[in-house]
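Below: the structure, in structure tokens.
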Amino acid sequence: MSQTLVAPSVLAADFANLQRDVEMINESQADWFHIDIMDGVFVPNISFGMPVLRDIAKHAKKIIDVHLMIVEPDRYIKTFASLGADVLTVHYEACTHLHRTLQAIKAEGMKAGVALNPHTNVHLLEDTIQDIDLVCLMSVNPGFGGQSFIENTYQKVKDLREIIVEKGASTKIEIDGGVTNKNALQLKEAGADVLVAGSYVFKSEDPIQTIAGLKDLLA
């Protein structure tokens, strides 16, 4: 089984010390940067926009995994490619023509991800799974950090893993929301490949040690 990746969510970082927190992720055992872009329309919150992502990308030395929680993501695909995104994830619920959106992301040289809200059924991805590099399962309701984990996520991971295997796809499964040392191993065992951890990492006394602890747990 491949190694489970850890992607600290920069939304939980200290925005007044963003470069320090980016350097911390660089120095840690984390695998990816996870960056949430919110527009206040698709989700009831606004996070950072293009200039902040551009500045993060200047300092980041690892894969930049950008999660768009926005309406009309197609309008910004080229922009996010130019800002340094390696993986671009759009919400299923925000895409009328999902297949076309996935093709547009890949045409810009990025990996294409699809995020599902907690109430969205994984079976809706059966027809496009072979075109998806990453499925991000929201294990909290999107919009705000620090929420508690939705238990039904384990079953969703197992169901999605079955679809991926059945279709012969190489899609990775990412879990976003409420990830801690209490559920990380169970998520890996259910079939998750990438775990996004925000508050658990950044609100800890020693984020580098917290990331190392998660990686040890998942080894």
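Only the coordinates and a few stated rules stand behind these numbers; no lab work does. Keep in mind that this is a model prediction, so the values were computed, not measured. Ideal geometry is used to build each Cβ from the backbone, glycine not excepted, and the neighbour counts take in all protein chains shown.
Within the shell defined by Cβ-Cβ distances under 13 Å, the residues around VAL71 carry a net charge of -3, with Lys and Arg each +1 and Asp and Glu each -1. Computed 3J(HN,Hα) for the range 48-61, one whole-Hz value per residue from the Karplus formula 6.51 cos²θ - 1.76 cosθ + 1.60 where θ = phi - 60°, is 6, x, 4, x, 5, 4, 4, 5, 4, 4, 4, 9, 5, 10, glycine and proline marked x.
On full extension of the chain, what length is gained from LEU124 through PHE144, given 0.36 nm per residue of separation minus the C-alpha to C-alpha distance? Mind showing how you got there, number by number?
Numbers: separation 20, 0.36 × 20 = 7.20 nm, distance 2.49 nm.
Taking 0.36 nm per residue and subtracting the Cα distance, the gain is 4.7 nm.
P(r) tail for the range 1-144: Cα pairs beyond 19 Å make up 50% of the total.
Placing unit charges on C-beta atoms (Lys and Arg positive, Asp and Glu negative, everything else neutral), compute the dipole magnitude of the chain about its Cα centre in debye, rounded to 20.
Numbers: 19 positive and 29 negative charges, 47 e Å.
Dipole about the Cα centre, nearest 20: 220 debye.
Amide H to amide H distances under 5 Å link VAL179 with GLY198, where only residues 5 or more positions off or on other chains count and H is placed in the peptide plane. Summing Lys and Arg as +1 and Asp and Glu as -1 over all other residues whose Cβ lies under 13 Å from the Cβ of ASN181 gives a net charge of +2.
The lysines within cross-link reach of LYS182, meaning a Cα-to-Cα straight distance under 24 Å and a gap of 8 or more places when in the same chain, are LYS156, LYS158, LYS172, LYS203, LYS215.
Candidates PRO142, GLN29, PRO51 compared by Cα position along the dipole of the range 5-218: farthest toward the positive end lies PRO51, with charges placed on Cβ.
With 0.36 nm allotted per residue and the present C-alpha distance subtracted, the VAL71-ASN45 stretch has 8.1 nm of extension available.
Tally the DSSP beta bridges in the chain and give the antiparallel ones as a percent, rounded to 5.
Working: 1 of 33 bridges.
Of all bridge pairs located within the chain, approximately 5 percent are antiparallel.
So how do VAL114, VAL71, VAL43 line up by other beta-carbon neighbours within 10 Å, fewest first?
Ranking VAL114, VAL71, VAL43 by Cβ neighbours within 10 Å, fewest first, gives VAL71, VAL43, VAL114.
For the range 59-103 versus the range 158-208, the spacing of their alpha-carbon centroids is 20 Å.
Which net charge results for the neighbourhood of PHE149, defined as the other residues with beta-carbon distances under 14 angstrom from its beta-carbon, given Lys and Arg at +1 and Asp and Glu at -1?
Values: positive: LYS156, LYS182; negative: GLU151, ASP176.
Surrounding charge for PHE149 is 0.
For the range 117-219, trypsin sites (Lys or Arg not before Pro) are listed when DSSP marks them as loop and at most 16 other Cβ atoms sit within 10 Å of their Cβ; the list is LYS167, LYS182, LYS203.
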